[in-house]
Amino acid sequence: MNSIKRAGIIGGVRIPFCRNNTAYADVGNFGMAVKTLGVLVERYNLHGVELGEVAFGAVIKHAFDWNLAREATLSSGLAPTTPGITTARACGTSLDNAILIANKIAAGQIDAGIAGGADTTSDVPIVYSKSLQQRLLAVNRARKPIDKFKTAYRGFSLGELKPSFPGVAEPRTGKSMGDHCELMAREWHIGREEQDALALASHQKLAAAYARGFFSDLIVPFRGVDRDNILRADTTLEKLATLKPAFDKISGHGTLTAGNSSALSDGSAAVLIASDEWAAARGLKVQAYLTHARVAAVDFVHGEGLLMAPTIAVPRMLAEAGLTLQDFDFYEIHEAFAAQVLCTLRAWESDEYCRTRLGLDKALGAIDPARMNVNGSSLATGHPFAATGARLIATLARMLDEKGSGRGLISICTAGGMGVTAILEKP
């Protein structure tokens, strides 16, 4: 039986994230994936190298993207004998992929792999009515030309040609993620001012990170863009306060706006993960190790907050690791919505919630806000669903490497009432 090996983050890269229907409108998941994987291959001299696995995912994708990871791998410069697996767990996709690669390394199944994701909300699959689909299938089954003609036009109406675009509503509730987050904000008494303040801080911290060169080797220019085009370094609380509610537009009490919610985005990110032995043999430095991970889900259909699953996953992970919530140098908490982050923090600070929902003796407690999302997060960078996890891993690993030691926590909420969390450590 193989001994457990450490899974080290060698490094990561991403293209700038862009608001949908802008710079990457015609690129698609495959093009963004190939660019990101190709840069990793060049940076770490992996041309022609066979890796154990490339785990790569996308949430919004066409039917022809069904084998995205393998196809992108074949175009990346890696050896064509490198396998690829295409995955999806909504916003947690590429963090899940990193966990998958790390687990295979720990088990001794592989020595190295790449985890990542790409997503576009510009190049979305457009489908037509069920009746038109059935009509076309019937035409295909008909054998004689006259039968095909009759099948094609019998009972046909122009309404069958009306296209349908991908929806963002939860199938079991009919509510969008923003609608659900509005309910969470009311339950936890999160006001508009708090949300706008967190959004402003995200933009300010991201702008400062660019200014000090933090992203110099984490982001590569693509399609003439060299930084996230959602970033608004000059935004202010006054500007954010002028925005109207984006989801609850009727009650007069809506607090989620386009400014304090992550924007629909296009982008791609990936990280190289390897065992100590593989890294040493290639002369590569390990920035940090992925040491613990946990996923969880909540019963949002029957009243729990859709995006509260990380509040469950994190304490379970902490118990397994023998740590407290305060035992971290950095916290990377995905900013799907400012309200979601604030609800999560408030839940961890609540004695009642931690006792009744988490089964703990007392509240997990507060975290130092100066250690959270130090270089900005999804409200300022954007959020291409399957790419966010890899962005967070690469960012956190770089921060721990710069510090020289320490520990960081990653927390991502996802559609479907799930959460994906992980711990990175640098001894």
Considering the range 10-64, residues that are within 16 Å of Ala394 (Cβ to Cβ) and in a loop (DSSP other than H, G, I, E, B), and then whichever is nearest to the chain's Cα centre (by Cα), we arrive at Phe17
Residue pairs qualifying under the 7 Å Cβ cut-off, at least six apart or on distinct chains, with the first in the range 87-102 being modelled with pLDDT of 95 or more and the second being hydroxyl-bearing (Ser, Thr, Tyr) and open to solvent by 10 Å² or more (accessible area, probe 1.4 Å), are Thr93/Thr87; Asp96/Thr87; Asn97/Thr87
Among residues of the range 367-390 being assigned to a helix (DSSP H, G or I) and open to solvent by 10 Å² or more (accessible area, probe 1.4 Å), the residue nearest to Gly12 (Cα to Cα) is Phe385
Counting only residues that are open to solvent by 100 Å² or more (accessible area, probe 1.4 Å) and within 30 Å of Phe247 (Cα to Cα), the range 135-175 contains a total of 5
Looking at the range 91-107, is at least one residue among the hydroxyl-bearing types (Ser, Thr, Tyr) and surrounded by fewer than 20 Cβ atoms within 10 Å (Cβ to Cβ)?
no
Taking the range 393-427 and keeping residues among the polar types (S, T, N, Q) and touching a Cys at 6+ places or on another chain (Cβ under 7 Å) leaves Thr414
Exactly one of Ala58, Ala25, Ala33 is out of contact with any Phe, Trp or Tyr (no Cβ under 7 Å at 6 or more places or on another chain), of a type in the set (Gly, Ala, Ser), in contact (Cβ under 8 Å) with a residue 60 or more places away in the chain and buried (at least 24 other Cβ atoms within 10 Å of the Cβ), and that residue is Ala58
Check: Can you spot a residue in the range 111-132 that is surrounded by fewer than 24 Cβ atoms within 10 Å (Cβ to Cβ) and at pLDDT 95 or above?
Finding: yes
Of the listed residues (Ala258, Ala241), the one being over 23 Å from Ala25 (Cα atoms) and at pLDDT 95 or above is Ala241
Condition (residue is of a type in the set (A, V, I, L, M, F, W, C), assigned to a helix (DSSP H, G or I) and without any contact (Cβ under 8 Å) to a residue 60 or more places away in the chain) applied to the range 103-115: is it met by at least one residue? no
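The values are calculated or read from the model by the stated rules, or taken from the named source; none is laboratory data. Because the structure is a prediction, the values reported are computed rather than measured. Methodologically, a virtual Cβ is constructed for each residue, glycine included, from the backbone with ideal geometry; neighbour enumeration extends over all protein chains shown. What goes into the accessible areas is simple: the full protein's heavy atoms, side chains included, and nothing from ligands, DNA or RNA. Shrake-Rupley method; radii C 1.70, N 1.55, O 1.52, S 1.80 Å.
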